[in-house]
Structures are given as C-alpha cells and as structure tokens.
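Here is the structure we will look at, set down as structure tokens.
The values are calculated or read from the model by the stated rules, or taken from the named source; none is laboratory data. Keep in mind the model is a prediction, meaning the values are calculated, not measured. Here the Cβ positions follow ideal geometry from the backbone for every residue, glycine too, while neighbour counts run over all protein chains shown. Side chains included, ligands, DNA and RNA excluded: accessible areas come from the protein's heavy atoms. Shrake-Rupley method; radii C 1.70, N 1.55, O 1.52, S 1.80 Å.
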Amino acid sequence: MEKKIKVAAVGDNCVDAYDQTGEAFPGGNPVNVAVYTVRLGGEASYTGVVGDDAYGKLMKDSIEKKGVDVSHLKVMPGSTAVTHVEIIDGERILGDYEEGVMADFKLSEEDIEFLGSHDLVVSGIWGMIENDLEKIKACGTRIAFDFATKYESPVIDIAIPFVDYAFFAYDGEDEEWMRNFMEEMQKKGAKTVIVTRGTKGSIAYDGTSYTEFGIIPCDVGDTMGAGDSFIAGFLYGILQGKSLQESMEQGAKNSSVTLGYSGAW
C-alpha cells in the first residue's frame, strides 16, 4: 500500500465572525492548508491553540470532522482568535481582529519533534513560529511558509533561511520589481519562491529559471481560501514528486474547486 503524504500545518487559526448574520466560519492559513491536504487525499495535522470558548470548540470540532489530526491542538483559558467580517455592497470587508490566546502560542520541544515526523511543515506570517524554524529544519523536514503580501515584515529575515517553499501574493504591475524580489528571497535561503497573482496565475523561481502557470477558469462563488488552496495543491504535487509546472497546475486546479463554493471549506 502506498504511503500517504503527511503534512503538518502549524500556527494561526481564526474564526471569521459575520456579525450581521451571526454566522461563523473556522479558518486561518495553516488550518485551511491542512483541510485541503486531506481533501486531496493526504494526511494532515494542525498544531496551534484555541480558547476554551464556543469558537474554540467550533474550530476543533470542524477541523477534526474534516479528518485533520488535532492531537497537538491545545485549548487554553481565554478566547479564540476572531476576525469580524461585514458584507458591504456584496464585498467582504475585514474588520477588527482579536488575537485572543494566539498571542501566547508557543511550541514545546515535543511539538517540534511531532512536526518533524511529517513530510513537510507549513506555516505563515501570523503563525508565530518563525523562531522555531531552525529546530524544525534540523529534523530533516521540508518547510513551506506563506508570507502573503507582507513584503516589509521583519519575520521574513528570520524565517527565509530555513524555508524550502516561500509563498508571496502580489497584485501589482511592476514585473521587474517582483522578479528582483523573488531572486533576492532565493539568495537569502529559500529554495523556491512562488508568487500568486490572482487572475494572472502564479510564477515560481528556483534559483535557475522562472516557471509560470495561469489559472483554471471556473465560476467564482467566493474567493475565501483560494490562495491557501493553491498552496495545498502545489505542495501536494511537490510531495508526489511532480515538477514545478505540474505542481503549479495542481495548485490552480485545487484553487478552482474552492472558488466554486461559499466559505473557505
């Protein structure tokens, strides 16, 4: 029997609370990637912290229901991270963010050992684990990190030397600036730098050449989780031994599935 791909997602989680309707959706970059990895046929765990409130129970129950290993999801006294969301003229407007117990999230040595037992560890700019990446890397595990649009973040210089797959999002028009930035990040330690560009598709740089892939046309129901879907699909392709181009295509396909329905998952 073929060994299943195992991805460890670690860091931030967040409940999107729609105050007008009373709806609440669990999410957060690492959480979404874990759920999408299982959807693709792999195994995934999520390591993080929630509060002992109703949103914490919603987060834990929802992830577990999707088949994600939550053995390293801690529950602490306090409130779960929440982003308040409003719908104005059909557009989703992100309001106040309450960090809650995420502010005190720390990895234990046992957590690091657990993460190191996976094929790949994925986190992001709000995951609060950048200072632990060196220890995780020492386990021999590949690391993926989503820096989103935070090109000025001090987290970049701490994290980038230990990252195999560095993801950024860019919706600007300055192609030359973007490529120079990708090359700079690769020189600083990232093995491959991938930039997602919305409707323009994605571009990757591995230190030798650039690889590009467009989008998979689809009917867009909701853009929530589209970027995280791309990351999950791309990484799943890489772990299957696919080429950069094939992995980018798999990312785009996975993204098109998520775009077709409401909410991240």
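Solvent-accessible area per residue in segment 129-216 equals 48 Å², computed with a 1.4 angstrom probe and all protein chains kept. Between Lys188 and Lys4, the FRET efficiency estimated from the beta carbon spacing at R0 = 30 angstrom works out to 0.35. The listed peptides 160-166, 249-255, ordered by packing as a protection proxy, come out as 249-255, 160-166 (highest mean of other Cβ atoms within 10 Å first).
Remark: spin-label model distance Asn131-Glu23 equals 3.9 nm, labels positioned 7 Å along the Cα→Cβ axis.
What a 1.4 Å probe finds exposed on segment 38-94 is 55% carbon and sulfur by accessible area, rounded to a whole percent.
Calculated from the structure at hand, percent of Cα pairs over 27 Å apart is found among (i) 62; (ii) 38; (iii) 34 as (iii).
Can you pull out the trypsin sites (Lys or Arg not before Pro) in segment 121-191 whose DSSP state is coil and whose Cβ has at most 16 other Cβ atoms within 10 Å? Can you show the working numbers first?
Details: sites: Lys135, Lys137, Arg142, Lys150, Arg179, Lys187, Lys188, Lys191; in loops: Lys150, Lys188, Lys191.
Those that pass, being in a loop and sparsely packed, are Lys150, Lys188, Lys191.
DSSP assigns beta bridges within the chain; of those with both partners inside it, close to 40 percent run antiparallel.
For the pair Glu110 and Asp171, what calculated FRET efficiency results from E = 1/(1 + (r/R0)^6), where r is the Cβ-Cβ distance and R0 = 35 Å, to the nearest 0.05? Computed FRET efficiency for Asp171 and Glu110 comes out at 0.30. Using the Cβ-Cβ distance between Gln240 and Lys57 with R0 set to 45 Å, the FRET efficiency works out to roughly 0.85.
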